[in-house]
Amino acid sequence: MKVFFFGNGDFGINALEKVCNNKKISLVSVVTNPPKKAGRGLKNHNTPIHNYCIENNIKVILNDNLNDINFIQKLNDFNPDLFIVISYKIMPSNVFSLPKFGSINLHPSILPKYRGASPIQYAIFNDDKSTGVTIFKLSKGVDSGSILYQKNVDIPDNIIFTDLYTILSNIGAIAIDYTVNNFEQL
């Protein structure tokens with residue numbers, strides 16, 4: 001299966017590692033944002049996904065304009081089977097519909113609860129007793145496509161954001177791997 005991985009944040013690194021090690025996947029490239037100036041001295045900083053790709057010799061396409069005709073044509077020329085999207089940006093339908101099997105996203109909540117940004121923070125703030133991850137097919141609505149797989153997780157008492165973030169990132173990586181391996185049955 002020819003796959004592109006779209007991601008920026010470190011939440012997707014564990015899943016990218018699973019993708020790279022999955023024998024059913026031929027990773028064509030990772031798509032991430034170009035470096036941005038930040039911090040003291042406004043030095044260029046790569047996304048965490050970009051740094052992971054550099055460290056692991058993974059091909060990267062740097063793009064911050066999903067409507068760029070040349071970028072869309074470049075993706076289409078590879079005749080992709082699937083896009084995996086994690087911690088990226090809202091993708092237009094003319095991009096997420098390019099692959100043969102569409103595009104899937106990992107979201108750190110049990111959808112439809114906590115669609116959009118900050119689902120982990122909301123789960124903690126609202127004192128939820130459980131949360132989880134959802135793998136779904138991208139559609140025009142935000143975090144509203146057909147659900148392919150969900151995994152519930154109990155939230156331990158007094159957990160802090162970074163710990164729950166790490167737990168969900170690890171479970172999300174397993175969920176992506178499971179979804180890809182069982183894609184035809186889901």
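The values are calculated or read from the model by the stated rules, or taken from the named source; none is laboratory data. Only a predicted model underlies this, so the values are computations on that prediction, with no experimental measurement involved. A quick note on method: Cβ atoms are made from the backbone with ideal geometry, for glycine too, and the neighbour counts reach across all protein chains shown. Each accessible area value is taken on the protein alone, full model and side chains, heavy atoms only, with ligands, DNA and RNA left out. Shrake-Rupley method; radii C 1.70, N 1.55, O 1.52, S 1.80 Å.
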Self-check item: Residue list for segment 120-148, filter: part of a helix (DSSP H, G or I) and in contact with a helix residue (DSSP H, G or I) (Cβ under 9 Å, 6 or more places away or on another chain)
Solution: 120, 121, 123, 124
Quiz item: Taking segment 99-121 as the region of interest, how many residues are open to solvent by less than 40 Å² (accessible area, probe 1.4 Å), farther than 21 Å from residue 174 by Cα and either modelled with pLDDT under 95 or among the hydrophobic types (A, V, I, L, M, F, W, C) (or both)?
Solution: 1
Practice problem: Please indicate, with yes or no, whether at least one residue in segment 154-161 is in contact (Cβ under 8 Å) with a residue 40 or more places away in the chain and open to solvent by 20 Å² or more (accessible area, probe 1.4 Å). | Solution: yes
Quiz item: Being over 17 Å from the mean Cα position of the chain (by Cα) and open to solvent by 50 Å² or more (accessible area, probe 1.4 Å), is that true of even one residue in segment 3-20?
Solution: no
Quiz item: Taking segment 29-45 as the search range and keeping residues that are touching a residue at least 12 places away in the same chain (Cβ under 8 Å) and out of contact with any Cys (no Cβ under 7 Å at 6 or more places or on another chain), which one is farthest from residue 79 (Cα to Cα)?
Solution: 35
Quiz item: Which condition breaks for residue 24 when tested against (1) open to solvent by 80 Å² or more (accessible area, probe 1.4 Å); (2) free of Cβ contacts under 8 Å to residues at least 40 places away in the same chain?
Solution: (2)
Self-check item: segment 89-98: number of residues that are under 19 Å from residue 62 (Cα atoms) and either open to solvent by 50 Å² or more (accessible area, probe 1.4 Å) or among the charged types (D, E, K, R) (or both)
Solution: 3
Quiz item: Considering 181, 94, which residue is more than 17 Å from the chain's Cα centre (by Cα) and touching a residue at least 12 places away in the same chain (Cβ under 8 Å)?
Solution: 94
Practice problem: Give the number of residues within segment 35-49 that are under 20 Å from residue 11 (Cα atoms) and open to solvent by 100 Å² or more (accessible area, probe 1.4 Å). | Solution: 1
Practice problem: Please go through segment 162-174 and pick out each residue that is crowded, with 16+ Cβ neighbours inside 10 Å and out of contact with any Ser or Thr (no Cβ under 8 Å at 6 or more places or on another chain). | Solution: 165, 167, 169, 171, 172, 173
Practice problem: Give the residues of segment 66-80 that are open to solvent by less than 30 Å² (accessible area, probe 1.4 Å) and among the aliphatic types (A, V, I, L, M), sorted by residue number. | Solution: 66, 72, 75
Self-check item: Any hit, segment 81-88, residues being open to solvent by 10 Å² or more (accessible area, probe 1.4 Å), aliphatic (A, V, I, L, M) and closer than 25 Å to residue 175 by Cα
Solution: no
Quiz item: Residues in segment 13-32: is at least one in a helix (DSSP H, G or I), of a type in the set (D, E, K, R) and modelled with pLDDT of 95 or more?
Solution: yes
